[in-house]
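The values are calculated or read from the model by the stated rules, or taken from the named source; none is laboratory data. All values reported here derive from a predicted model rather than from experimental measurement. Please note: Cβ atoms are built from the backbone with ideal geometry, for glycine as well, and neighbour counts cover all protein chains shown. Side chains are part of the model used for accessible areas, which takes the heavy atoms of the whole protein and leaves out ligands, DNA and RNA. Shrake-Rupley method; radii C 1.70, N 1.55, O 1.52, S 1.80 Å.
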Amino acid sequence: MASPTDVQPEGELASLSLVDLALSRLRAEILSGALEPGERLVEEQLTRRFGISRAPVREALRLLAEQGLVDHLPRRGVRVTTLSERDFDELFAVRDALEQFAIGELISNSKGQPDVTMLAAELQQMSAAAETGDRLAASQAHRAFHLALVGLAGSRQLTLTYEPVILKLQLYMAANLRREADERSPSDGALRHRRLLEVIAAGDPELARLELAHHGSRSFFH
């Protein structure tokens, strides 16, 4: 039986749920590209838009800052995180190195016969999002595919290291997917990931690393 000290007051529970509401709304808007890198987030405007008080909005912004999705600027408020050209290139270099290592571990641990069931499931979500034009779902499916790829290496520490890197890059993945949609078929992104899945499933580490190096992640950023 829970003791009195284990039970949170009703007002505190309500406050926590409002934090979750503000957090999920803002996170979705940032990761879908509805809020672009560098865009200012004004507490007063957010409270009016969400119909809640400042306290849960402020806490949601604090949690987003911990995730690297917003920056708190002295005397200038809060803005969606921006990456410099150098930041961007460094994050991609780190991501690529971690994925290359993960593929090597995955193929080695599976003795050349990787189970790509999870990758196939995420690819299906990616294809469905491309068909409906859902930017947030497409961005989330892209991130989930790469997280699943790294997760298949079976290293918890590798996944913990990788996840914040891919989350920061997802800020720009939404813009990448939007630009790609303007110049290519919506299905092209899913096709690229299908090719990657197929070479991983083939169990050839060098072929998989080569495909990953030409995966096209940065095609529309430069």
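Pairs linking a residue in the stretch 20-42 that is under 15 Å from Arg62 (Cα atoms) and modelled with pLDDT of 90 or more to a residue that is of a type outside the set (A, V, I, L, M, F, W, C) and open to solvent by 30 Å² or more (accessible area, probe 1.4 Å), with Cβ atoms under 7 Å and 6 or more positions apart or on different chains, are Arg40/Gly77; Arg40/Arg79; Leu41/Arg79; Val42/Gly77.
Note on the stretch 173-200: residues that are of a type outside the set (Lys, Arg), at pLDDT 60 or above and open to solvent by 40 Å² or more (accessible area, probe 1.4 Å) total 6.
Might you check whether a residue that is over 26 Å from Ser187 (Cα atoms) and open to solvent by 50 Å² or more (accessible area, probe 1.4 Å) occurs anywhere in the stretch 133-148?
Within the stretch 133-148, the subset over 26 Å from Ser187 (Cα atoms) is none.
The answer is no, given that none of the residues of the stretch 133-148 is over 26 Å from Ser187 (Cα atoms) and open to solvent by 50 Å² or more (accessible area, probe 1.4 Å).
Can you say whether Asp89 is assigned to a loop (DSSP other than H, G, I, E, B) and surrounded by fewer than 16 Cβ atoms within 10 Å (Cβ to Cβ), as far as the supplied structure shows? No: the conditions fail for Asp89. Is it the case that Arg143 is of a type in the set (D, E, K, R) and in contact with a strand residue (DSSP E or B) (Cβ under 8 Å, 6 or more places away or on another chain)? No; evaluated as a whole, the condition is false for this residue.
For the stretch 43-86, how many residues meet the condition of being in a helix (DSSP H, G or I) and touching a residue at least 40 places away in the same chain (Cβ under 8 Å)? Give the derivation first.
Step one: filter the stretch 43-86 for residues in a helix (DSSP H, G or I), giving 43-50, 54-66, 85-86.
Next, only the ones that are touching a residue at least 40 places away in the same chain (Cβ under 8 Å) stay: 55-56, 59-60, 63-64.
Of the residues in the stretch 43-86, 6 are in a helix (DSSP H, G or I) and touching a residue at least 40 places away in the same chain (Cβ under 8 Å).
Set side by side, the residues Gly68, Gly104 differ, and just one is under 17 Å from the mean Cα position of the chain (by Cα) and open to solvent by less than 30 Å² (accessible area, probe 1.4 Å), which is Gly68.
State yes or no: is Glu39 over 30 Å from Leu207 (Cβ atoms), in contact with a Lys or Arg (Cβ under 9 Å, 6 or more places away or on another chain), open to solvent by 70 Å² or more (accessible area, probe 1.4 Å) and among the acidic types (Asp, Glu)? Before you say what the answer is, go through the steps one by one.
Working: over 30 Å from Leu207 (Cβ atoms): yes; in contact with a Lys or Arg (Cβ under 9 Å, 6 or more places away or on another chain): yes; open to solvent by 70 Å² or more (accessible area, probe 1.4 Å): yes; among the acidic types (Asp, Glu): yes.
It is true that Glu39 is over 30 Å from Leu207 (Cβ atoms), in contact with a Lys or Arg (Cβ under 9 Å, 6 or more places away or on another chain), open to solvent by 70 Å² or more (accessible area, probe 1.4 Å) and among the acidic types (Asp, Glu).
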